[in-house]
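The values are calculated or read from the model by the stated rules, or taken from the named source; none is laboratory data. All figures in this text were calculated on a predicted structure; none of them were measured in a lab. Here the Cβ positions follow ideal geometry from the backbone for every residue, glycine too, while neighbour counts run over all protein chains shown. When the accessible area is computed, the model is the full protein with side chains, heavy atoms only, and any ligands, DNA or RNA have been set aside. Shrake-Rupley method; radii C 1.70, N 1.55, O 1.52, S 1.80 Å.
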Amino acid sequence: MDSFAGSSADSSACSVQCGKEVDDVVEDAPPLGRHRSPSVRTCCGAFVPVLVFAAFAAGAFEDGGPRVGRRTAGSDTWCLTASDGELCHRVVTWAIEDGTRLSPDRFSGLSSFEEFQAVVHSRHPELCPPPCECHTAREGELCHSEVIHAMAFGIRKHPERFPGLSSYSNRVAFQAALHRANSSLCPKPCAPVASIKQRKRCDYGHMDPSPASSGCLVWVRGRLLVTRSGDKLDIPHGQSDDLEPSRCTAHRGTLESTGHLVVPRDLLATMSDGFRIFRCELLQADPVAHVEDQGVKTEWLPLAAIGAQTSSRLSEASRLVAHM
């Protein structure tokens, strides 16, 4: 497969309409690769992403816009690592999931999302901009030493600096936390390919991509959604993989443990161990998925029916409900 895109219509046949629609896209400042007008996709085909990217590079959008490229350090080159929902992200995801199987020689030896995007950009710059630089620290580098120190001592002395992490979290997650705290100390680590596959179906991590084990407080008509395993009650929750955004973890964990589809909204609390509790909105009254763990039951309980055999998470959720 030499092209990642299907054939597009002749751009010269509708250049005026293309220009008009692209101007509309620029004025609305959508994320790169998202086009609301079907005529843009049909008429301009693969030319629109590079035109919109050029508008970003030209400074057409104010700071704080949804998706703005940035200059590569020490040069005038602009970069933009693709995000979920964008055309480039879909193409790179195809390369990760199917391209490695169909064209192994083209994608051999690649282990991060950014590396895959760089290959796509080199062959099809009209589909993907160059990704922003990333680097996973290696032994002998200052950042690597800081990561090891943070894993061994830092998280024990200052756990608040590493929300959602534990001493068992991987080095990439710790490097990401150090980068967020001080980008001059540690560069942004590259995203391992496995994490892209794990969170590809989640659309709730854009506001805050930081990872953490998280759960949902779902309160509907005076009843709280809980899970029961034996005599122990808990709120529906998921365990962090150290890379999945915490809202995605809460969404996934609730779906897997109860079958209910929810949307994580406000962050209500972060517990001492870094666990996050989100207020989640129930989208459908009935479960939409089968719960694989037969030992876990789903119940809707009023606060008065929640006894002492509860997890610390449920105790905190009950306290939050009482003050809502």
> Largest first, what is the accessible-area ranking of E146, E86 with a 1.4 Å probe?
Replying inline: E146, E86
>> Can you order the peptides 184-191, 170-177 by their average number of other Cβ atoms within 10 Å per residue, highest first?
In response: 170-177, 184-191
> Order of 294-307, 219-232 by packing, highest average Cβ count within 10 Å first?
Replying inline: 219-232, 294-307
> Quick one: if you stick a label point 7 Å off each Cα along the C-beta vector at A118 and V288, how many nm between them?
Replying inline: 3.8 nm
> Mind listing which trypsin sites (Lys or Arg not before Pro) in region 86-168 are in a DSSP loop and have 14 or fewer other Cβ atoms within 10 Å?
Replying inline: R138
> Mind listing the phi-derived Karplus ³J(HN,Hα) values for region 116-124, rounded to whole Hz, using 6.51, -1.76 and 1.60 with θ = phi - 60°, and x for any glycine or proline?
Replying inline: 5, 5, 4, 5, 4, 4, 5, 9, 9
>> Let me cross-check H135: its accessible surface, 1.4 Å probe, with only protein heavy atoms counted, in Å² to the nearest 10?
In response: 60 Å²
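Ignoring any ligand, DNA or RNA, what whole percent of the accessible area of region 209-300 comes from carbon and sulfur when the probe is 1.4 angstrom?
Details: 1950 of 4170 Å².
Carbon and sulfur atoms account for 47 percent of the accessible area of region 209-300.
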>> Can you give me the accessible area per residue for region 248-324, using a 1.4 Å probe, in Å²?
In response: 53 Å²
